[in-house]
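K.L.:
Before I ask anything, here is the structure I am working with.
The values are calculated or read from the model by the stated rules, or taken from the named source; none is laboratory data. All of these numbers come straight from a predicted model, not from anything done at the bench. Reconstructed Cβ throughout: ideal geometry from the backbone, glycine too, with neighbour counts over all protein chains shown.
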Amino acid sequence: IARELHDVVTHHVTAMVVQAEAARCLTAVPDRLDQSLTAVTDTGRRAITDLRHLLDLLNPDHSTEPTR
């Protein structure tokens, strides 16, 4: 279940990040729009990181030791 959830959510969040990055290349971007797109991509990347962390905790083989 966790793997499926990860695949679905990660796919959509990744698409959001790619689309926001592409918008920078396709428009004449004022500074304010650029800051907004940066916020979208940063949020998307944080969501992926947080989701991976959460799903690791659901893993029965999860170790409490940090990964390297």
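K.L.:
So which of 33, 5 ends up being modelled with pLDDT under 80, under 26 Å from residue 60 (Cβ atoms) and surrounded by 12 or more Cβ atoms within 10 Å (Cβ to Cβ)?
P.N.:
Values: 33 fails: under 26 Å from residue 60 (Cβ atoms).
Result: 5 is the single residue among 33, 5 that is modelled with pLDDT under 80, under 26 Å from residue 60 (Cβ atoms) and surrounded by 12 or more Cβ atoms within 10 Å (Cβ to Cβ).
K.L.:
Moving on to the next point. Just one of (1) at pLDDT 75 or above; (2) surrounded by 14 or more Cβ atoms within 10 Å (Cβ to Cβ); (3) not small (Gly, Ala, Ser) trips up residue 59, so point out which.
P.N.:
For residue 59, the failing item is (2).
K.L.:
Now for a different question. Based on what the data block shows, is residue 40 at pLDDT 80 or above, surrounded by 13 or more Cβ atoms within 10 Å (Cβ to Cβ), part of a helix (DSSP H, G or I) and among the β-branched types (Val, Ile, Thr)?
P.N.:
Working: at pLDDT 80 or above: yes; surrounded by 13 or more Cβ atoms within 10 Å (Cβ to Cβ): yes; part of a helix (DSSP H, G or I): yes; among the β-branched types (Val, Ile, Thr): yes.
Yes.
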